[in-house]
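To start, the structure under review is shown below, and the notes come after it.
The values are calculated or read from the model by the stated rules, or taken from the named source; none is laboratory data. Source: prediction; values computed, not measured. Heads up, the Cβs are rebuilt from the backbone with ideal geometry, glycines too, and the neighbour counts pull from every protein chain shown. All accessible areas refer to the heavy atoms of the entire protein, side chains included, with ligands and DNA or RNA removed. Shrake-Rupley method; radii C 1.70, N 1.55, O 1.52, S 1.80 Å.
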Amino acid sequence: MARIAKADVNRALETAAKTLIKIGGADGKISRAEVKNALATDRVPRRQAPLVDIFFKFVDNRDFRAGAQVTASDVKRAVEYAKKSMVAKYDLDNNGLSNDEVAKMSLTGKRAVDLAKALKDSAPPLAE
């Protein structure tokens with residue numbers, strides 16, 4: 001497999017974040033029930049579902065106080081953290097993520113790589 005660019009993986013994280021924020025609706029709060037329902041009713045594109053599911057759990061776990069609610073700002077902070085700690089720190093030679101580097105990543109990081117590959121594969125070819 002060819003290397004995958006960190007920028008593509010970061011875009012995948014941002015895509016999942018936008019989907020989560022959209023699930024939250026007008027009140028700006030994203031509940032476990034809303035995410036579960038969105039995943040079960042295909043309101044989340046199939047190729048995004050694994051990352052959206054695990055990324056929401058990651059965000060929810062980071063905000064561990066009793067009664068705490070996940071908000072758009074929580075999601076945005078988690079994306080910035082993930083870009084640095086779950087993606088960039090594994091590309092030590094700054095030439096994209098290799099299979100070996102991806103293998104060392106967390107499950108969330110791996111799901112971001114999977115979505116990045118899917119998005120890249122489905123992108124329309126550039127006109128020459």
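Determine the per residue accessible area of the range 19-128 with all protein chains present and a 1.4 angstrom probe, expressed in square angstrom.
Accessible area per residue: 62 Å².
For A88 and A26, what does the FRET efficiency come to when R0 = 25 Å and r is the distance between their Cβ atoms, rounded to the nearest 0.05?
Calculated value: 0.15.
Extension gain K36-R3, at 0.36 nm per residue separation less the Cα-Cα distance, in nm?
Using 0.36 nm per residue and subtracting the Cα-Cα distance, I get 8.6 nm.
Membrane-span-like helices in the chain: DSSP H runs reaching 24 Å or more (Cα, own axis), mean Kyte hydropathy at least -0.5?
In the chain, the long hydrophobic H runs are 6-24.
Mean separation of Cα pairs under 8 Å and 6+ residues apart, divided by the residue count of the chain: what relative contact order is that in percent?
Contact order relative to length: 40 percent.
Let me have the 222 nm mean residue ellipticity of the chain computed from DSSP H runs of 4+ only, each contributing -39500 (n - 2.57), with the sum over all residues rounded to the nearest 500.
Taken over the chain, the calculation gives -18000 deg cm²/dmol.
Mind checking which aspartates and glutamates have their Cα closer than 20 Å to the Cα of K36? Skip sequence neighbours fewer than 8 apart in that chain.
E14, D27, D53, D60, D63, D74
For a bin width of 10 Å, list the pair-distance distribution of the chain built from all Cα-Cα distances, rounded to whole %.
13, 43, 31, 12, 1, 0
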